[in-house]
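Read the structure below first, then the notes.
The values are calculated or read from the model by the stated rules, or taken from the named source; none is laboratory data. All values derive from a computational prediction rather than experimental measurement. Neighbour counts run over all protein chains shown; Cβ positions are idealised from the backbone, glycine included. Side chains are part of the model used for accessible areas, which takes the heavy atoms of the whole protein and leaves out ligands, DNA and RNA. Shrake-Rupley method; radii C 1.70, N 1.55, O 1.52, S 1.80 Å.
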Amino acid sequence: MKKTVLVSIAVLAVIVVAAYFADKATRLPHKTAAAAKTDKPSGGPPAPDVTLKDLDGKDVSVAQYKGKVVLVNFWATWCDPCRFEIPWLIDMQQKYSAKGFTVLGVAMDDEGKSVVAPFVQKERFDVNGTKSQMNYPILIGNDAAADKFGGLLGYPTSVLIGRDGKQIKRITGLISYDEISKAIESQL
């Protein structure tokens, strides 16, 4: 019995350590506000050339947003952490869109539009005391698109792209509202 418990604890410790290092390896370096506001490129890898369908069936490419600060958010309707951060994404879209920012929500549900469209239409989220609908473009994602962004270790995964089209920050798991807000503001 003791041996089974010890083996279980050891396996759990290895999983936790592996997840920590995998997350750390996928995060892009954080720029300071002063460095990010210069006209120099952000220094990260370029955002991949990805084109996906929106909920109306129109093609939307990441490249068409060059010149804007973009937060590409890979999510799924069944993902609780994804649903938890949606109000923050709605708030950021409201707060920063006039300054040249947008969220691109990339829904990764296996069932695609048949599940995502009703979810977006029906669900309302509490944003600063007001029930709000998702107010940013929702695209139907796929594994090929995720692979172009370096693959996904889990949901949500968010990638912040600067005005120059370069990746600035990558977050696997729930975003920190304050951390991502500061990163966005440093690029606006």
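Yes/no per residue for (1) within 27 Å of residue 182 (Cβ to Cβ); (2) at pLDDT 90 or above; (3) among the hydroxyl-bearing types (Ser, Thr, Tyr):
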residue	(1), (2), (3)
129	yes, yes, no
139	yes, yes, no
153	yes, no, no
158	yes, yes, yes
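Determine whether the stretch 119-127 contains at least one residue that is outside any helix (DSSP H, G or I), touching a helix residue (DSSP H, G or I) at 6+ places or on another chain (Cβ under 7 Å) and among the basic types (Lys, Arg).
No, every residue in the stretch 119-127 fails to be outside any helix (DSSP H, G or I), touching a helix residue (DSSP H, G or I) at 6+ places or on another chain (Cβ under 7 Å) and among the basic types (Lys, Arg).
Please work out which residue is least open to solvent (accessible area, probe 1.4 Å), limiting yourself to the stretch 65-85 and to residues that are in contact with a Ser or Thr (Cβ under 9 Å, 6 or more places away or on another chain) and not in a strand (DSSP E or B).
Checked the stretch 65-85; the qualifying residue least open to solvent (accessible area, probe 1.4 Å) is 85.
Can you run down the residue pairs with Cβ atoms below 7 Å, 6 or more apart or on separate chains, where the first is in the stretch 92-107 and part of a strand (DSSP E or B) and the partner is of a type outside the set (S, T, N, Q) and surrounded by fewer than 16 Cβ atoms within 10 Å (Cβ to Cβ)?
Pairs that qualify, where the first residue is part of a strand (DSSP E or B) and the partner is of a type outside the set (S, T, N, Q) and surrounded by fewer than 16 Cβ atoms within 10 Å (Cβ to Cβ), are 101/188.
For the stretch 142-175, name all the residues that are free of Cβ contacts under 8 Å to residues at least 40 places away in the same chain and open to solvent by 50 Å² or more (accessible area, probe 1.4 Å).
Within the stretch 142-175, 143, 144, 147 meet the criteria.
Could you list, in sequence order, all residues of the stretch 103-117 that are within 22 Å of residue 64 (Cβ to Cβ) and either more than 12 Å from the chain's Cα centre (by Cα) or surrounded by fewer than 17 Cβ atoms within 10 Å (Cβ to Cβ) (or both)? Please lay out each step first, then the result.
Our first condition is that a residue be within 22 Å of residue 64 (Cβ to Cβ); within the stretch 103-117, this holds for 103-108, 112-113, 116-117.
112, 113, 116, 117 - these are the residues of the stretch 103-117 that are within 22 Å of residue 64 (Cβ to Cβ) and either more than 12 Å from the chain's Cα centre (by Cα) or surrounded by fewer than 17 Cβ atoms within 10 Å (Cβ to Cβ) (or both).
Look through 163, 170 and report the one residue that is among the basic types (Lys, Arg), part of a loop (DSSP other than H, G, I, E, B) and out of contact with any Pro (no Cβ under 6 Å at 6 or more places or on another chain).
Values: 170 fails: part of a loop (DSSP other than H, G, I, E, B).
Checking each option against the conditions leaves just 163.
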